[in-house]
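K.L.:
Have a look at this one before I ask anything.
The values are calculated or read from the model by the stated rules, or taken from the named source; none is laboratory data. These numbers were taken from a predicted model, which means no experiment stands behind them. Neighbour counts run over all protein chains shown; Cβ positions are idealised from the backbone, glycine included. Keep in mind that these areas ignore ligands, DNA and RNA; they rest on the heavy atoms of the full protein, side chains included. Shrake-Rupley method; radii C 1.70, N 1.55, O 1.52, S 1.80 Å.
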Amino acid sequence: MIEYEYFEPDLAVFARQAAMGDAEDKLFFASHRLLYGTDPHAFPWLKRTTHFGGCVRFGEFDWPGAVARIETLEGRLRNAAYRSRLADLKQRIRLYLSKPAVEREAGRKPVVDSCAPKARTLAELETIAKALAARKGWEKAAAGLRKAADDIRANRVEVCNGCSAN
């Protein structure tokens, strides 16, 4: 039997050493905290509440700001490793925002697992949708956010804190 172990470099360590790098290193790592957060096991838009899950930081995480920063960096960085990480992060954000409601077992409504109360989450979904609708390539994410907001208002989707793991 062959076993594999996968690992990923701890970007926080590289961020602390960015001053020793070139201009691209400095530029990429200047945005490290905004784009990758401080928790190496979760994206910055997630607040871990258990070892396997948590809630989404609607109203706390600056989604349009992160998208704008990623696109700015994409236009300025040439390093393949940085461009690959940015493309991956952009795709993860795009996929999540395109369908923020998580399906659950049969008979239970889908859920948006938000750290914020329902009214604030709903307002934030609409604010993010409006901001992203103006950006090329983000139409599907904006539509997904608007659909989630419509589904919440129509009581087809629940908003709760820490419930997607249940």
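K.L.:
Under the rule of -39500 (n - 2.57) per DSSP H run of 4 or more residues, summed and divided by the residues of the chain, what mean residue ellipticity at 222 nm is obtained, to the nearest 500 deg cm²/dmol? Provide the component values of the computation, followed by the final result.
P.N.:
Numbers: 7 runs with 83 residues, N = 166.
Mean residue ellipticity at 222 nm (helix-derived): -15500 deg cm²/dmol.
K.L.:
For the chain, what is the charge dipole size about the Cα centre, in debye to the nearest 20, if Lys and Arg each add +1 at the Cβ and Asp and Glu each add -1 at the Cβ?
P.N.:
Dipole about the Cα centre, nearest 20: 660 debye.
K.L.:
Of the chain, which part is the longest with no trypsin sites (Lys or Arg not before Pro) in a loop (DSSP not H, G, I, E, B) and with at most 16 other C-beta atoms within 10 angstrom?
P.N.:
Values: sites that count: 78, 104, 108, 135, 136, 156.
Between the exposed loop sites, the longest stretch runs 1-77.
K.L.:
Now for a separate question. Tell me, what is the percent relative contact order of the chain, built from C-alpha pairs under 8 Å that lie six or more residues apart? Provide the component values of the computation, followed by the final result.
P.N.:
Numbers: 195 pairs, mean separation 35.6, N = 166.
Answer for the chain is 21 percent.
K.L.:
Just how large is the dipole of the stretch 1-99 about the Cα centre, in debye to the nearest 20, putting +1 at every Lys and Arg Cβ and -1 at every Asp and Glu Cβ? Please report the intermediate quantities before stating the final value.
P.N.:
Numbers: 15 positive and 13 negative charges, 84 e Å.
I would put it at about 400 debye.
K.L.:
Next up: Note down the magnitude of the dipole of the stretch 72-166 about its Cα centre, charges +1 on Lys and Arg C-beta and -1 on Asp and Glu C-beta and zero elsewhere, to the nearest 20 debye. Could the numbers behind the result be given before it?
P.N.:
Details: 21 positive and 11 negative charges, 84 e Å.
Roughly 400 debye for the stretch 72-166.
K.L.:
With no solvent and one point per C-alpha, what does the Debye sum give as log10 I(q)/I(0) for the stretch 1-110 at q = 0.10, 0.20 Å⁻¹?
P.N.:
-0.37, -1.17
K.L.:
Right, something else. Between 0 and 90 degrees, rounded to the nearest ten: what's the tilt of helix 63-76 against the longest Cα principal axis of the chain?
P.N.:
30
K.L.:
Name the residue from 91, 14, 102 whose Cα lies farthest towards the positive end of the charge dipole of the stretch 5-117, charges +1 on Cβ of Lys and Arg and -1 on Cβ of Asp and Glu.
P.N.:
Of the candidates, 102 comes out farthest on the positive side.
K.L.:
Restricting to lysines 8 or more places apart or on different chains, can you count the pairs in the stretch 40-166 with Cα atoms under 27 Å from each other?
P.N.:
So the count of such lysine pairs works out to 29.
K.L.:
Out of residues 5 or more away from residue 159 or on other chains, whose amide H comes under 5 Å of its own, with H placed 1.01 Å from N in the peptide plane?
P.N.:
112
K.L.:
Quantify, in whole percent, the carbon and sulfur part of the accessible surface of the stretch 2-89 (1.4 Å probe; protein heavy atoms only). Show your work: numbers first, answer last.
P.N.:
Details: 3040 of 5620 Å².
So the carbon and sulfur contribution to the accessible surface is 54 percent.
K.L.:
Additional query: Expressed in nm², what is the orientationally averaged projection area of the convex hull enclosing the Cα positions of the stretch 68-164?
P.N.:
So the mean shadow area of the Cα hull is 7.0 nm².
K.L.:
Keeping every protein chain present and rolling a 1.4 Å probe, give me the accessible area per residue for the stretch 84-164 in Å².
P.N.:
Details: 4270 Å² over 81 residues.
Here the per-residue accessible area is 53 Å².
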